[in-house]
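Student: Have a look at this one before I ask anything.
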Amino acid sequence: MHLSKKPEERKNIPMKRSLSLFLATLLVLSFSIGVLAEDKGFITPPTEWDETYDVVVVGGGFSGLAAAYASHMAGANTVLIEKMPFVGGNSIINGGVYAAYTSKLQMAEKLGLTPDTPEKHIEDTILGGDSFSDPKLVEQFVYGSPVMLDLLLDNGLKVREALSRPGGHYGYRTHTTESQCGCDIIVTQYEMVKKENIPVQLNTKMVYIYREKPFDGRVLGIKVQTKEGTKNIRALNGVVLATGGFAANPEMRQTYVPWITPETPTTNQPCATGEGIRLAQQVGANTLHMSYIQLYPFADPNNGRLDRVAVIPFSGPSFGIVYVDINGNRYVNEGERRDVCSMAAINSGGFPTFAIFNEEMAGLFTTKEDLEWGMARNRVYKADTLDELVEKINAQPYKGQKINMTSESLKATLERHNEFVENGKDLDFGKRIDKGVTLPIHEGPYYAIPQWPSAHHTMGGLKITPKAEVQDIWDQVIPGLFAAGEVTGGVHGTNRLGSNAVADCLAFGKIAGEMAATGKAPKWPGMDE
């Protein structure tokens, strides 16, 4: 079919443009999710607009706040639109973990760890997504991540004096915010936006994207729904979509990944419904990697949420944390990627699984405050002996189910794991053991955290260039339309490495904001042209 060819390859095709556009319309709509039921067809752009700005940013999470700030600082009259009654969106419940190969803090050097490199971060990210990532997109966020972290630090963000190496990462590059919560970053970003008096419109939902012609021409602005009604907002330079993914949209998830059932819980906020993707498709935007949805393996098994406790098992593998099933047996290499850990848990034969560690190592990847917060909510169990710890594990009903772990099996598991740590080689699952960093679990007090996979991150989304420009089905740039963050695809491939999301969102948020404002992307230090 000729429509799959790029325009320059279609020069000699005897087809009138009107027919091309008609067939393109059918093709795009056939790939849309929910569009056919909601599509009102092409809406002629208004001749008079209710409001006019240079740049309109849609979405108030990591990407949107970064884009709005960057656009404004580049000299553009900018507005940020957010459908929720508060900024932060899905970002506000993020675990506050940020991957950056370096920063002004020089944390690796301070902690006596081997310094990381951008090349290794890029390699880990591409391998972590089974080489489905666009390397040019990966380079952009990896080189941009230290710049954006330093910007946050300069504006008051506090991080812990620690680095972790979560599953899939080779280097110690993951920083953690003071409260182990994305809200730390959102608060910092929002203060930056407020300081610059950038207008933010809450309870304002985008319902349509205006383009000059059906699947052709420039994006001119958006239509939004508010409590008072609808209004049309013009974007003289461009619209930035920072609307997030669709992990909280069971129908959309089911369309692309049927085995993730509607009953599967999600870590996401209710706002993560994917309409930014669908509305962009209506004006011709292309998508990719839509069938790759990540489960977070360490969520609260009772409700699927990502609370501050759920970040502890994620941060602990390099320090010696152990994951066990309902029988007290290890079931996976704790240093594996999230997708591997999730499937291993699902195939472990029981619900839920548990992260086991002791007080000696706890200080390396969590805090006393985190643990006390979890114990007060029955999310963390603490005991002086393993016998007592198993009693506490067995005493809890997990969605009405009781388990019967034995202390003998857990003791045997930990003894074997301790031997691997001391000998420097994991004979069962091949976990990487770093001498002097990965610790055995010999002495109490001991801790256990119940955990279970929950729908978390959608790797697929709008196809973009390294300059955050949204592309159409012929891979041509849609003028005036930019995107950043989880609304995009191609950055992470089949699977996202934990702590890469914030770096991705912030780096591409800045790129999208500056591109919309000036037509020029930032140049990251150390990155080749």
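The values are calculated or read from the model by the stated rules, or taken from the named source; none is laboratory data. The structure presented is a predicted model; accordingly, all values stated were derived computationally and were not measured. Heads up, the Cβs are rebuilt from the backbone with ideal geometry, glycines too, and the neighbour counts pull from every protein chain shown.
Student: Answer yes if at least one residue in region 293-302 is within 30 Å of GLN476 (Cβ to Cβ) and modelled with pLDDT of 95 or more, and no otherwise.
Tutor: The answer is yes; a qualifying residue exists.
Student: GLN106 passes all but one of (1) polar (S, T, N, Q); (2) more than 25 Å from HIS289 (Cα to Cα); (3) crowded, with 24+ Cβ neighbours inside 10 Å; which number fails?
Tutor: (3)
Student: Against the conditions (1) in contact (Cβ under 8 Å) with a residue 12 or more places away in the chain; (2) more than 21 Å from ALA66 (Cα to Cα); (3) assigned to a loop (DSSP other than H, G, I, E, B); (4) not charged (D, E, K, R), where does THR255 fall short? Just the number, please.
Tutor: Status for THR255: all satisfied but (3).
Student: Tell me, please, whether a residue that is in the same structural domain as ALA512 (by TED's automatic domain parsing) and closer than 21 Å to PHE508 by Cβ can be found in region 42-53.
Tutor: There is at least one residue in region 42-53 that is in the same structural domain as ALA512 (by TED's automatic domain parsing) and closer than 21 Å to PHE508 by Cβ.
Student: Looking at THR287, THR243, THR230, THR273 in this structure, which one is in the same structural domain as GLY61 (by TED's automatic domain parsing), crowded, with 19+ Cβ neighbours inside 10 Å and either free of Cβ contacts under 8 Å to residues at least 12 places away in the same chain or touching a Lys or Arg at 6+ places or on another chain (Cβ under 7 Å) (or both)? First the steps, then the outcome.
Tutor: Details: THR243 fails: either free of Cβ contacts under 8 Å to residues at least 12 places away in the same chain or touching a Lys or Arg at 6+ places or on another chain (Cβ under 7 Å) (or both); THR230 fails: crowded, with 19+ Cβ neighbours inside 10 Å; THR273 fails: either free of Cβ contacts under 8 Å to residues at least 12 places away in the same chain or touching a Lys or Arg at 6+ places or on another chain (Cβ under 7 Å) (or both).
Of THR287, THR243, THR230, THR273, the one residue that is in the same structural domain as GLY61 (by TED's automatic domain parsing), crowded, with 19+ Cβ neighbours inside 10 Å and either free of Cβ contacts under 8 Å to residues at least 12 places away in the same chain or touching a Lys or Arg at 6+ places or on another chain (Cβ under 7 Å) (or both) is THR287.
Student: In addition: For region 343-385: of the residues being aromatic (Phe, Trp, Tyr) and not in a helix (DSSP H, G or I), which is surrounded by the fewest Cβ atoms within 10 Å (Cβ to Cβ)?
Tutor: Taking region 343-385 as the starting set, the residues that turn out to be aromatic (Phe, Trp, Tyr) are 351, 354, 357, 365, 373, 381.
The next check asks that each one be not in a helix (DSSP H, G or I); those that pass are 351, 354, 357, 381.
Values: PHE351: 16, PHE354: 24, PHE357: 23, TYR381: 22.
Restricting to residues being aromatic (Phe, Trp, Tyr) and not in a helix (DSSP H, G or I), the top hit is PHE351.
Student: Next question. Within region 109-126, take every residue that is surrounded by 16 or more Cβ atoms within 10 Å (Cβ to Cβ) and aliphatic (A, V, I, L, M) and give me the one that is modelled with the lowest pLDDT.
Tutor: Among those that are surrounded by 16 or more Cβ atoms within 10 Å (Cβ to Cβ) and aliphatic (A, V, I, L, M), it is LEU113.
Student: Regarding region 476-485, can at least one residue be identified that is in contact (Cβ under 8 Å) with a residue 40 or more places away in the chain, in a loop (DSSP other than H, G, I, E, B) and farther than 18 Å from TYR292 by Cβ?
Tutor: Yes, some residue in region 476-485 is in contact (Cβ under 8 Å) with a residue 40 or more places away in the chain, in a loop (DSSP other than H, G, I, E, B) and farther than 18 Å from TYR292 by Cβ.
Student: Could you check, for region 473-482, whether at least one of its residues is buried (at least 24 other Cβ atoms within 10 Å of the Cβ) and under 22 Å from ALA272 (Cα atoms)?
Tutor: Looking through region 473-482, at least one residue is buried (at least 24 other Cβ atoms within 10 Å of the Cβ) and under 22 Å from ALA272 (Cα atoms).
Student: Separate question: Residues to consider are LEU439, LEU497, LEU506; find the one that is more than 24 Å from SER131 (Cβ to Cβ) and within 13 Å of the chain's Cα centre (by Cα).
Tutor: Working: LEU439 fails: within 13 Å of the chain's Cα centre (by Cα); LEU497 fails: more than 24 Å from SER131 (Cβ to Cβ).
Sole residue among the options that is more than 24 Å from SER131 (Cβ to Cβ) and within 13 Å of the chain's Cα centre (by Cα): LEU506.
Student: Right, next: What are the residues in region 61-102 that are on the phi > 0 side of the Ramachandran plot and either part of a loop (DSSP other than H, G, I, E, B) or surrounded by fewer than 24 Cβ atoms within 10 Å (Cβ to Cβ) (or both), if any?
Tutor: GLY75, GLY88, GLY96
Student: While we're on this one: Looking at the structure I just gave you, is HIS457 surrounded by 23 or more Cβ atoms within 10 Å (Cβ to Cβ) and either of a type outside the set (Asp, Glu) or touching an Asp or Glu at 6+ places or on another chain (Cβ under 6 Å) (or both)?
Tutor: In short, yes.
Student: Continuing with the same structure: Mind telling me which of the residues PHE62, PHE86 ends up being touching a Cys at 6+ places or on another chain (Cβ under 7 Å), at pLDDT 95 or above and either under 13 Å from TYR190 (Cα atoms) or not acidic (Asp, Glu) (or both)? Working first, answer last.
Tutor: Details: PHE86 fails: touching a Cys at 6+ places or on another chain (Cβ under 7 Å).
Answer to the check: PHE62.
Student: Would you mind finding the one in VAL332, VAL340 that is touching a residue at least 12 places away in the same chain (Cβ under 8 Å), assigned by TED's automatic domain parsing to the domain that holds ILE312 and touching a Cys at 6+ places or on another chain (Cβ under 6 Å)?
Tutor: Every option except VAL332 fails the conditions.
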